[in-house]
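Read-outs: derived from the displayed coordinates by stated rules, not from any lab. Everything numeric in this text was worked out from a predicted model, so none of it was measured. Please note: Cβ atoms are built from the backbone with ideal geometry, for glycine as well, and neighbour counts cover all protein chains shown.
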Amino acid sequence: MTIPAVMKRLFPILLALAAGAAVIAFMVSSRTPPDRVAEEASAPAVRVIEARPLPVMLTARGFGTARPARVWQAVASVNGPITFRDPGLKNGNILSAGTRLLEIDPTRYELAIAAAEADMAALDTEISQLTQERSNTSDLMALEQRRLELAEQELERVRSLAASGTVPRARLDDQERATVQQRVAVQTLENRLRLIPSQLDHLAARKARAETALARAKRDLQDTEIIAPFDLRIGAVEVEMEQQVAPGQRLVTADGIDKAEAVVQVRLPELRRLLATRSRAAPTAPLNLGAHFDLSAITAEVRLVAAGDMSWPGRLERIESEIDPATRTVRAIVSVDEPYRGASPPERLPLVRGMYVEAVLSSPLEAPAIVVPMSAVHQDTIYLVDDEDRLRRVPVRIDLSLRDLAVIGEGLAPGDRVIVDDVMPAIEGMRLRPRQDAEAAAALARAAAASAP
């Protein structure tokens, strides 16, 4: 085929292609350009909350068992058979203070009191008799002393007469004998008077011993009655009627009902965080926790684990010194006053021995603090929305981490808009479309008011 023939066949095709190209060029040149999409349309939407100081309540939790604050055991101090037992003295019963629970036969102790009183009466009689004897002897000695003075005067007179030869020598000898006899009589009375004080002392010692025996007998008589010292709930009763008991034998075990204690194990970091809010500036006793911390300012609540709706208000009584090396927990003692108040089993139980309980210890921070959700913190950095609705990365210092919350110490100011969504990627200065999340802000305030570690 010749070239002119080929060209003749291709010409219509080339002409059609040229026409199509012309049409396309015309359409491109005459079409309306697409509208420009604003940059804001591509900016991601994010939820934000406003940073503001909130009251923060720190909470520590511990689990343990309940026990009575006071336990009473009746132990026999005397021996004898049981002659009385209160009808209500049974396991589980509640008896009021002053109730006579048991009585041991008092007969022998009543006889001992009678014997001691008789001994004291006899000794009082002897003391009275000896006192009267001393008085009588003193009076008699005064008379004998006067007779001695007269005898000595007479002896001097007789000596003078004998010297002058007026009276014989025999008369002088008789007077000398009479004077000596009178001196012996006076000396005898003086000796009797000197012995009376020691005799009185001996009687006084015997009387003191009799008084001791009487006091012991009276005390033994008192010990024959077993009286409830305070309101209590009976535990074990280990004696029966007519049973012979001996000193030191346990009779009754009971629990006081005026106060209960919950002994709970609290994690050490939680307890330290809680106590830090109640530290004292200048403790006076370095080894006394009560001097370092105001435990009374920490509120406590004891809850029955088996029934969460049952709870009792309490107070943190003390913290024991030992730390469990296995669990790194500390034993805290939470006391509950009147654990039987309002009890109405089975709907409402009293707090009794052996219940497994949870203690919730709470204490507010001294001042409101800025709190954000922990999910808003990205490796010590928080994403904010600035005044131009652009993302800004701000480093912060976290003072406290409370499960889902973070207490910010530095880096945020009241009014900052904190992003609570997870922005991916988070590019500094990127345009955002923020939206205030009122529900998240309210939930944050509620969580801060009842926060737990």
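Computed quantities for the displayed model
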read-out: Centroid-to-centroid separation of the stretch 198-224 and the stretch 410-440 [C-alpha atoms, Å]; value: 90
read-out: ARG403 versus MET430: modelled label distance in nm, points set 7 Å from Cα along the beta carbon direction; value: 3.2
read-out: At least 30 Å along the helix axis (C-alpha) and Kyte average at least 1.6, DSSP helices within the chain; value: 3-30
read-out: Under 5 Å, built H, 5+ apart or other chain: amide partners of VAL167; value: ALA162
read-out: Residues whose placed amide H lies under 5 Å from that of ILE382, excluding near-sequence neighbours; value: VAL394, VAL396
read-out: Matching label, percent of Cα pairs over 36 Å apart computed from the structure shown, candidates (i) 44; (ii) 48; (iii) 68; value: (iii)
read-out: Label-point gap, in nm, between ALA163 and ARG192 - each point 7 angstrom along Cα→Cβ; value: 3.7
read-out: Whole-Å distance, taken between Cα centres, linking the stretch 74-94 and the stretch 373-397; value: 73
read-out: Distance histogram for the stretch 356-453 (every C-alpha pair counted, 10 angstrom bins, percent rounded to whole numbers); value: 14, 46, 28, 9, 3, 0
read-out: Relative packing of peptides 318-331, 79-92, 48-61 - highest average C-beta neighbours within 10 Å first; value: 48-61, 79-92, 318-331
read-out: Under Karplus coefficients 6.51, -1.76 and 1.60, residue-wise ³J(HN,Hα) of the stretch 349-365 in Hz, glycine/proline x; value: 9, x, 7, 10, 4, x, 5, 8, 10, 10, 10, 10, 9, 9, 7, x, 5
read-out: Relative contact order (%) - the chain, alpha-carbon pairs under 8 angstrom, separation at least six; value: 28
read-out: Cα lying deepest toward the dipole's positive end in the chain, options ALA376, ILE196, PRO44, charges on Cβ; value: PRO44
read-out: Set of aspartates and glutamates near LYS207 by C-alpha distance (under 20 Å), chain-local residues within fewer than 8 positions excluded; value: GLU110, GLU117, ASP119, ASP124, GLU126, GLU133, ASP220
read-out: 5 angstrom amide H check on ARG433, placed H, neighbours 5+ away; value: ALA45, VAL46
